[in-house]
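Here's the structure, in structure tokens; my notes come after.
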Amino acid sequence: MKKNYFFGLFASLMLLLAVPANAQISSITEMFGTYKFTATMNVTDFGQDYAHLFTNECEVKITKSASGWYTGQIEGIAGSESFQDINSFDADAQTITIFNPNQNGLWDGLDMTWVEGTYPYPWADTTIVAYNDIDYVYDYSTKVVTMPDFAIVKSNHKEESATLVATFENVKLTLIEAEVIEVPNIAGEWDFEPAPGYVRNDSTFTSHFVVSLAGTDNSNKAYDATITFDGFDSFTLPATFDGNMLTIPFDSTYLDADQKIFFGVESSGSEKTGAFTFQYQSSTSMMLWDRIYVRQEVVGDTATTYPILQMLKYGYLSRPNPDAFSWDGTYKVTFANPEQDIMVMNTTVELPTEFEFTIKESGGNYYVEEFMGNNVYYLTWGGYAVSANEDGTSVAIGRGYGSDRLLSYIPDLASYLIITDVNGTADDLTLSLNEDGLLSMSDIYIAMKDSLQKVTYLAGYSKMIVEKVVEEPYDWSGTYTLTAETVDIYNGETYPKTFDVVVDYWEDLAAYYVSSFLDNSITVLNNYGCGIALSVADDAKSAALGGGGLLLTIDPGISYLKMGDMNATTSDINLVLNEDETISMDNFSLIVGPYSGSEGNQTVAYYQNVTLKKKADDETSIEQPVEETNIAVEGIYDLSGRRIDEITAPGIYIVNGKKVLVK
């Protein structure tokens, strides 16, 4: 049954009666809404077999980009089940530009191209004009978007040729209903951090700044933006927000007027004018949209130049939401009744009856990077985009970079596994936190899509029980047995291949220290009686032992046994926690030398292929604290182990074998 568009069009036309003919829009969000697609369509004889895939009359939506990487997207052109990414909006020309109209696939193996039906992707044949950088023109007075005439073709990529399927002329999108945009209140302090690797590597200039937004009316659309770069005075600029883009215009804004340090952006035609722009992602994140340049004006004898001090290419404004659920982590999916809740439709590919997926956070945004044991990060150019709702209790799981939610590639079948929703589309899935603390996810299908775009459904999953896997961080404290496969000795002494290592956690310092090594207590000699510092990574799965630590006093104040890395230097020695909870340790050296410095150092042993295994609490072989050997306990010593006659200055000393703090 066809929809009646009369009343929607009538309402739109009535609204236009009071609008000046030369009125324009300043933001693409003003175009968001539902449109009627119309065109004069001519289907070729060849195209009759594909005619069910397209139409000359349908609904089309212009709305916010689902991935967050684009200005917006157009859904449903000529009956397509996919969308086109909008790369830019030109307020002066009132045009939207589509760099790659076929990027996400539109009609199951068919392509959009010039109305003449030429092949859209030439690379060898320079006589063919590639189908890209297409402009759609918006007319505010009629609320109509005019598209260039186009054709649908079946491409032969090997021969760089195309067979005409249908042509579309007089193509228009006429507004039916504008999208109601709820503009959230973004007042507050937002912290900017660039994404790793997206700043100038050769620059020491700051890349961190804070934007404090204060509303100037009740619309949530107008703000004063106070911007503070580290080390510079703050400045305040007026800003606008349309629910999609935060825009902060500037004109000759200086960070330091005396040094003539100022701003610019990539898209501006002038060094000193432009706008900071950030695309709204969620209540806690906005993505930098246009590159920011920090320049300095240098007046020379013959010319004025503007060298770039810093370039911020990519990053996020973020602010914490204390009530939001932390979505990053590993999730386990099980089924109460797998025989009923898993519907197997095809056994060509064996699929699991329970599985895990992981969500990782990056710059305030989340991405599914693994699903059903498949690494989808590289397959989808960054994983499935995960968009958190405003309340922080649910998310939408989108696609990666493409029209399908790709899961894996099967070379033998020349097919991709894809995840669809229950309607067989790549629309967003939902993951929600329930009031009882459990999670639920929308039903999914796993399907196989071959090179001819044929889709074969393999299985359906429903009533999924989703639990976040909470892993207790590894506790590095304890007694370990260190074993080296090989020990090369260079001074004729005896050094054991196997010995105990003790790691202590100091509560007051909130840090780990190795307190015993080579079965000797090493606390007195290192870090004010703590031992050798063990720096544990945030994920607790790796650590670094400070190189150069002292292991034994050979001749007080003169000669000590020290730990070095594989090159006999004081670089850190890395330890990695394995899945079986053994620990792999870098090769390391034993060195004899002075208390500090490397002059006179001599390598006396080299340990290779080293592993550590933690002992159970009742397994330790150390029945009492191990005293250091070869050190005179009676008397007064400084922390380097040198004996002194009397204490003449404040500090920490060893008096008759005990630490004493002298103030």
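Any read-out appearing in this document is the output of simple, stated calculations on the displayed coordinates, not a laboratory observation. Please read all numbers here as calculations on a predicted model, not as lab measurements. Glycine gets a Cβ as well: all are built from the backbone with ideal geometry, and neighbour counts include every protein chain shown.
Observations on the structure shown:
- Sorted by Cβ neighbour density within 10 Å, fewest at the top, the residues PHE209, PHE278, PHE46: PHE46, PHE209, PHE278
- Local electrostatic count at LEU317 - Lys and Arg +1, Asp and Glu -1, tallied over other residues with Cβ under 10 Å: -2
- Folded to 0 to 90 degrees: helix 6-16 orientation relative to the chain principal axis, Cα: 80 degrees
- Phi angles across region 303-317 convert, under the Karplus curve 6.51 cos²θ - 1.76 cosθ + 1.60 with θ = phi - 60°, into 3J(HN,Hα) values of 7, 9, 10, 10, x, 8, 8, 8, 9, 9, 8, 6, x, 9, 8 Hz, Gly and Pro given as x.
- Sorting 244-252, 302-310 by average packing, meaning the other beta carbons within 10 Å per residue, from highest down gives 244-252, 302-310.
- Near LEU438: Cβ cut-off under 14 Å, other residues only, Lys/Arg at +1 and Asp/Glu at -1. The net charge is 0.
- Inter-centroid distance (Cα atoms) of region 339-377 relative to region 68-92, Å: 28 Å
- Region 483-555 and region 269-312 have their alpha-carbon centroids 49 Å apart.
- When every Cα-Cα distance of region 329-469 is counted in 10 angstrom steps from zero, the calculated P(r) takes the values 12, 44, 35, 9, 1 percent.
- Annotation: amide H-H contacts under 5 Å for SER571 (H modelled 1.01 Å from N, sequence separation of 5 or more, or interchain): ASP565.
- In sequence order, region 483-496 has phi-based couplings of 10, 10, 5, 9, 10, 8, 10, 10, 10, x, 7, 10, 10, x Hz under the Karplus curve 6.51 cos²θ - 1.76 cosθ + 1.60, θ = phi - 60°, and Gly or Pro positions carry x.
- In order through region 45-55: 3J(HN,Hα) via Karplus (6.51 cos²θ - 1.76 cosθ + 1.60), integer Hz, x for Gly, Pro: 4, 4, x, 4, 5, 10, 4, 6, 8, 9, 7
- Helix-only mean residue ellipticity at 222 nm for the chain, each DSSP H run of n ≥ 4 adding -39500 (n - 2.57), per residue, nearest 500: -500 deg cm²/dmol
- For MET245, residues with placed amide H under 5 Å, excluding near neighbours: TYR280
- Close amide H contacts of ALA195 (hydrogens built in the peptide plane, cut-off under 5 Å, sequence separation of 5 or more or a different chain): TYR314, GLY315, TYR316.
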